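What follows is a set of notes on a single structure, which appears directly below.
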Number of protein chains: 2
Amino acid sequence: MKLYGASFSPFVARVRTLLAFKGLDYQQELPPGGLPKSPDYLKINPIGKVPTLVDGDLILPESEVICEYLEDTRPEPALRPADPAARARSRLVNRVADLYVMGAMFPLFPQLNPATRDKAAAEAGVAALRAGLGWLDGFMEGEEFAVGGAMTMADCAVPPILFFVHYVMSHFGDHEPLRDLPKLDAYWVNMSRHPVCGPVLDEMDTTFKAMLASRG
Amino acid sequence: MKLYGASFSPFVARVRTLLAFKGLDYQQELPPGGLPKSPDYLKINPIGKVPTLVDGDLILPESEVICEYLEDTRPEPALRPADPAARARSRLVNRVADLYVMGAMFPLFPQLNPATRDKAAAEAGVAALRAGLGWLDGFMEGEEFAVGGAMTMADCAVPPILFFVHYVMSHFGDHEPLRDLPKLDAYWVNMSRHPVCGPVLDEMDTTFKAMLASRG
């Protein structure tokens, strides 16, 4: 299998966590042409986003879809709870993290620089992000794992998104963005020490800093 | 089971299509307090969006999560293809329709009125919506069903979203928004005549017009 995308992408990190947990072999490559919007990569994934998984004839974009596919084709060790209600709660945590936490951060990226910031847009964006974090915290069940007593697909998705919550919020003077959400904050600390999730987060940090440094 | 939400919501319509296809009994109710942001409904779903499914002890928001849960607990007749690659393509179509078609429409709702329209925001929004429709058309396999030769979860999700594509684009003078995408256009016509999907779309139309009329 081949996985396209840089390791600092939270969506690439989600798939890398799942692949590492299952002990699956794969090659990771940057998009041909260097960037997700390069013409050569758009031939692979017309949406121009990472990751894309190539597995034989199948070319599959969208991290959540990739994770469900890998779970369908390489079910052991399982990352979907056996109980349907727990499985639904795991998918719900993923969805809330994607739509209302990560989704709330996209409009904030153009507002990171205080010199060019639209103050009203930044305030609205930060409020939306805080609301999303509150919902995520509410749907999380524990401090060790998102749902139930074991690792699920939710634990592949949430930690890389929380990495970016810290990065984004630090630009707005908040260096402890989870301090009012003790469950989510403890979860973040636990995941950063987890034998599978921790190294993926470390690799995000290293590659993200290198990317920022290369842009000067 | 109880399903909260008005029938014109594309996310409620997705779940209604799945429930109808499976012949499942349920009660449908508007959110208590009348609106998704009412305090009584926020106690059920803090996100304040519809639908929410209540099945025994489980209170489950987010239409995509609800559909996966219903497929896990009421698997027959199946709406997930047996082949994992086809199953992934069905989930991909759903995801693209959610993120890049429906997601592109949200910023357009405040721009529907030409008198108060931000022209640049409207143009950017329409361009994003057209891009999303192009990707959706590219990932769709057929004119009769989204993936393979039978109904899947993608066919629960896409038609209600295409309903709103027609509504939104009509405000920008485009009454045939799928005319450059013949596969998607033929699919829309076929789905509007489908014995399960057609009545759900008709009910969307009736309830949406009634809601608009009630707002005057």
| said: Considering only residues that are among the aliphatic types (A, V, I, L, M), in a loop (DSSP other than H, G, I, E, B) and closer than 24 Å to residue B:164 by Cβ, which ones fall in the stretch B:12-34? | reply: B:30
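Over 18 Å from the mean Cα position of the chain (by Cα) and either of a type in the set (D, E, K, R) or at pLDDT 95 or above (or both) - does that describe any residue in the stretch B:99-109?
At the first step, the residues of the stretch B:99-109 found to be over 18 Å from the mean Cα position of the chain (by Cα) are none.
No.
Pick out, from the stretch A:35-136, the helices (runs of 4 or more DSSP H) lying fully within it that include 2 or more residues that are facing another protein chain (nearest Cβ under 10 Å) and open to solvent by 10 Å² or more (accessible area, probe 1.4 Å).
Values: elements: A:39-44, A:63-73, A:84-96.
Correct list: A:63-73, A:84-96.
In the stretch B:178-202, what residues are acidic (Asp, Glu) and surrounded by fewer than 17 Cβ atoms within 10 Å (Cβ to Cβ)?
If we filter the stretch B:178-202 for residues that are acidic (Asp, Glu), which is where we start, we get B:180, B:185, B:202.
Correct list: B:180, B:202.
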| When you go through B:96, B:65 one by one, which is the residue that is under 27 Å from residue A:75 (Cβ atoms) and not assigned by TED's automatic domain parsing to the domain that holds residue B:12? | B:96
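Table: residues versus (1) over 21 Å from the mean Cα position of the chain (by Cα); (2) touching a residue at least 60 places away in the same chain (Cβ under 8 Å).
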residue	(1), (2)
B:31	no, no
B:44	yes, no
B:51	no, no
B:61	no, no
B:64	no, yes
B:122	yes, no
| message | Take residue B:148 and tell me if it is over 17 Å from residue B:174 (Cα atoms), of a type in the set (Gly, Ala, Ser) and at pLDDT below 95. | response | yes
| message | Tell me yes or no: at least one residue of the stretch A:73-84 is within 23 Å of residue A:162 (Cα to Cα) and β-branched (Val, Ile, Thr). | response | no
| query | Just a yes or no: is a residue in the stretch B:8-28 in contact with a Phe, Trp or Tyr (Cβ under 8 Å, 6 or more places away or on another chain), in contact (Cβ under 8 Å) with a residue 40 or more places away in the chain and either within 21 Å of residue A:100 (Cα to Cα) or assigned by TED's automatic domain parsing to the domain that holds residue B:154 (or both)? | reply | yes
| note | Being on the phi < 0 side of the Ramachandran plot, in contact (Cβ under 8 Å) with a residue 24 or more places away in the chain and of a type outside the set (D, E, K, R) narrows B:114, B:107 down to just B:114
| query | Among (1) more than 28 Å from residue A:132 (Cβ to Cβ); (2) assigned by TED's automatic domain parsing to the domain that holds residue A:133, which single condition is residue A:42 missing? | reply | (2)
| field | Selected residue (only one of A:172, A:208, A:145, A:164 is assigned to a helix (DSSP H, G or I) and either open to solvent by 20 Å² or more (accessible area, probe 1.4 Å) or within 19 Å of residue A:18 (Cβ to Cβ) (or both)) | value | A:164
| field | Residues being in contact (Cβ under 8 Å) with a residue 60 or more places away in the chain and either outside any helix (DSSP H, G or I) or within 22 Å of residue B:137 (Cβ to Cβ) (or both) - total across the stretch B:175-205 | value | 5
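Output the residues belonging to the stretch A:148-161 that are part of a loop (DSSP other than H, G, I, E, B) and under 13 Å from the mean Cα position of the chain (by Cα). First the steps, then the outcome.
Residues of the stretch A:148-161 that are part of a loop (DSSP other than H, G, I, E, B), as a first pass: A:148-152.
Correct list: empty.
The values are calculated or read from the model by the stated rules, or taken from the named source; none is laboratory data. If you're wondering where the values come from, they're calculated on a predicted model, not measured in any experiment. Methodologically, a virtual Cβ is constructed for each residue, glycine included, from the backbone with ideal geometry; neighbour enumeration extends over all protein chains shown. For accessibility, only protein heavy atoms count, side chains too; no ligands or nucleic acids. Shrake-Rupley method; radii C 1.70, N 1.55, O 1.52, S 1.80 Å.
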